[in-house]
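This report refers to the structure that appears directly beneath it.
The values are calculated or read from the model by the stated rules, or taken from the named source; none is laboratory data. These numbers come from a predicted model, not from an experiment. All Cβ positions, even for glycine, are placed from backbone atoms using ideal geometry, and neighbour counts span all protein chains on display.
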Number of protein chains: 2
Amino acid sequence: MAKAPTIYDVARRAGVSKSLVSLVLRGSSRVSDEKRAAVLTAVAELDYTPSRLAAGLAGSRTRSVGVVIDEFENLWFAPVLAGLRASLGGYSLSVADAALNAHLGLDPVEAFRSLRVDGLVLAGEVPEAAVQRLGIPAVVLGTRSMLLPGAPLVASDERAGGRLATAHLAELGHRDIVCLSATGASSAAREAGYREEMGERGLAPRVLRAARTTESAAFAAAAGLFEAARGGAAPPAPSAVFAVNDPMAVGVIGAARARGIEVPCGLAVVGYDDSPIAAYETLSLTSVSGDPRELGEVAGRALRELLADAAGPVPAGASGGAREPVPAELGRDAAPGRAAPAPAALLPPRLIVRRSSGA
Amino acid sequence: MAKAPTIYDVARRAGVSKSLVSLVLRGSSRVSDEKRAAVLTAVAELDYTPSRLAAGLAGSRTRSVGVVIDEFENLWFAPVLAGLRASLGGYSLSVADAALNAHLGLDPVEAFRSLRVDGLVLAGEVPEAAVQRLGIPAVVLGTRSMLLPGAPLVASDERAGGRLATAHLAELGHRDIVCLSATGASSAAREAGYREEMGERGLAPRVLRAARTTESAAFAAAAGLFEAARGGAAPPAPSAVFAVNDPMAVGVIGAARARGIEVPCGLAVVGYDDSPIAAYETLSLTSVSGDPRELGEVAGRALRELLADAAGPVPAGASGGAREPVPAELGRDAAPGRAAPAPAALLPPRLIVRRSSGA
DNA sequence: TTGTAAGCGTTATCAC
DNA sequence: GTGATAACGCTTACAA
């Protein structure tokens, strides 16, 4: 493994100074065409790849941002990342999962600090301590995440999502709609939306809480529900169920089928997240979509904003993506009374209607 | 955002030289306890985080390895990563997805080169060109990946997995077993295993090929199969189906149910990959597991091996994880006739038996 | 055991 | 336009 060629090698080969090479590589316009060509061929011939280590050390920025997510199993973050990448063009993203790192006693935020990233996207639970003394421009992405003084929050409006799902079922004529909820901030927000919508429509809310947010927990809870209804003494089986996530909706469908209840004829079901399984032909699950892609895009724009005024006037050439103004939602204060009120954006979710709701 | 403290700041505050600080931080034993304590408190007080940029530049290694995967949607890689992390303790991993990067015209391998990673794990399709002139110790992880001269291959034996699934169904008494396959190297290997096992048992193979490896494509293909069987003229419906992945198995189950065929009573189904959905109570899918966790662990050990003799005699203190010898499988040659025959490991898959196969 | 000093490969600031 | 020449924050001989 021969050592990698350096900018010196390139300069020598092209017969110019190291500075000129640097200029060419950064796309400066004040370089003669011949010199530029000479440098470029030298680069190609040597298969030269500039060292980001050195560049970061010498320069004022690293042109990189760190993304902290909960865990890679969360399929949810894939489109988020795509969105981030789209609006954060020009920056290289590196991802770390809080769960695994924590398991190893490593703090992802600390890791990114030592990498000297220019900014941070916090999309997962992060150790309180590490976050307090951040010292790096950051945005919080998602809902269950903490509110950070100085860091804008970009999240999907899950309460609104809960209302959306409930309204859909109600408008389909259902009056006895059960909400299958669970623990956690997301579940709570979605459930709150359900309660609100039910209340406004004069319908009686009926919440069932599973032990966990998994398919099997939902299966068990729903099975219990149908079993009780069968007994006769308990309240009758509902005609519709809003599950706070898709796997749980699958659990409901399974439990119903086990009791001979078909979906959607005997029971209308709506899930949440519009995960890949929702689109399965076999399930065709109506689901609320938080549009993670857009979430990422908006968060990226917000961070870009932060980065821009942290670095002072327009870092020329930095506009790898569209530097449009941050959308209007980004105006409200997240915490009115705080010392450093950061703007917040709550993005409206959409309802993806499929067969499971019988629409 | 005050500038981050440097090793100089720590040294000054602790009343020692920069070198001493460096020694302490790297856990050298040749440091007096007082000085060590002084340094440590200074570090804490200043909230000092060493710069990996500077460390990488100055040192001979960066203690980091790059992992290239296909796309983050591939849930498969999450446990792989966990395995890698386990055996690559001491190195920091960074992940890049080939798909998204390619979309942006970025070459992940090039990116890692400029980051000066010590090693590479190639778990996704990588541009041929970039790979040829690698110049970095690497291992190839997975199956559809290219064979790289000099890079060991660590993969799951999917042919064996295909046999496993088929044998399971055959031993359950099924004789008319259909293999629902698709395009791609993985599908081909799994299907080949099916054919082999059927052949050895004197059973007639019957392969159905879906247009894609998705649930919906499988649903369509399976629906066609049952429809034809119903007609009477065509061959009868099989009593068992081996689908080359879990979503496709779900498609089969759905199509069967649509025809009034219940699983497993009327049809036994086996999938592949043991993805999360396979464990769903509602599906309870028997599935072949390639044990991605172990795959990652073995690949990590192999890379560690490479890294060790690339860096010369035991880089003291590098043993962040177990430096056990690489397993026996790592002995065979991947490409006997090649210039640089790299060792290869084909890991045996396991069968996870659930209800869908009626066992 | 501890300090000194020479790099490491860039960027950035000047002169020319 | 182009080229010296300091930083940048750390590791690593080599001295002391």
Review point. Quick check, is A:PHE112 assigned to a loop (DSSP other than H, G, I, E, B), crowded, with 21+ Cβ neighbours inside 10 Å and within 10 Å of chain B (Cβ to nearest Cβ)?
Key: no
Note on the stretch A:120-142: residues aliphatic (A, V, I, L, M) and more than 14 Å from chain B (Cβ to nearest Cβ) are A:VAL121, A:LEU122, A:VAL126, A:VAL139, A:VAL140, A:LEU141
Subset of the stretch B:76-109, residues in a helix (DSSP H, G or I) and not hydrophobic (A, V, I, L, M, F, W, C), comes to B:PRO79, B:GLY83, B:ARG85, B:SER87, B:ASN101, B:HIS103, B:PRO108
Counting only residues in the stretch B:32-52 that are β-branched (Val, Ile, Thr) and in a helix (DSSP H, G or I), the one nearest to DNA strand D (Cβ to nearest atom) is identified as B:VAL43
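Going by the conditions given, is A:ASP118 of a type in the set (D, E, K, R), crowded, with 17+ Cβ neighbours inside 10 Å and touching a residue at least 40 places away in the same chain (Cβ under 8 Å)?
Details: of a type in the set (D, E, K, R): yes; crowded, with 17+ Cβ neighbours inside 10 Å: yes; touching a residue at least 40 places away in the same chain (Cβ under 8 Å): yes.
So A:ASP118 passes the test.
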In this structure, is B:SER22 more than 11 Å from chain A (Cβ to nearest Cβ), within 9 Å of DNA strand C (Cβ to nearest atom), farther than 24 Å from B:LEU307 by Cβ and among the hydroxyl-bearing types (Ser, Thr, Tyr)? no
- prompt: Does B:SER29 satisfy the condition of being within 43 Å of the chain's Cα centre (by Cα), within 9 Å of DNA strand D (Cβ to nearest atom), away from every other protein chain (no Cβ under 14 Å) and without any contact (Cβ under 8 Å) to a residue 12 or more places away in the chain?
  reply: no
Sole miss for A:SER60 among (1) more than 13 Å from DNA strand D (Cβ to nearest atom); (2) of a type in the set (S, T, N, Q); (3) within 12 Å of another protein chain (Cβ to nearest Cβ) is condition (1)
Note: among A:GLU196, A:GLU200, A:GLU227, A:GLU191, just one is surrounded by fewer than 18 Cβ atoms within 10 Å (Cβ to Cβ), closer than 17 Å to A:VAL288 by Cα, more than 14 Å from chain B (Cβ to nearest Cβ) and not β-branched (Val, Ile, Thr), namely A:GLU196
Within the stretch A:205-238, residues over 15 Å from A:TYR194 (Cβ atoms) and in contact (Cβ under 8 Å) with a residue 40 or more places away in the chain come out as A:ALA221, A:ALA222, A:LEU225, A:PRO236
Only one of A:LEU134, A:LEU147 is at pLDDT below 90, of a type outside the set (Val, Ile, Thr) and under 22 Å from B:LYS3 (Cβ atoms), namely A:LEU134
Taking the stretch B:32-52 and the residues there that are over 36 Å from the mean Cα position of the chain (by Cα) and more than 11 Å from DNA strand C (Cβ to nearest atom), the one that is nearest to the other protein chains (Cβ to nearest Cβ) would be B:ASP47
Filter the stretch B:11-26 for residues that are closer than 19 Å to B:ARG63 by Cβ and part of a helix (DSSP H, G or I); the one that is farthest from DNA strand D (Cβ to nearest atom) is B:VAL24
For A:ALA55, the lone unmet condition from (1) away from DNA strand C (no atom under 16 Å from the Cβ); (2) more than 7 Å from chain B (Cβ to nearest Cβ); (3) of a type in the set (A, V, I, L, M); (4) not in a loop (DSSP other than H, G, I, E, B) is (1)
Of those in the stretch B:70-93 that are among the hydrophobic types (A, V, I, L, M, F, W, C) and more than 10 Å from every other protein chain (Cβ to nearest Cβ), the residue surrounded by the most Cβ atoms within 10 Å (Cβ to Cβ) is B:LEU84
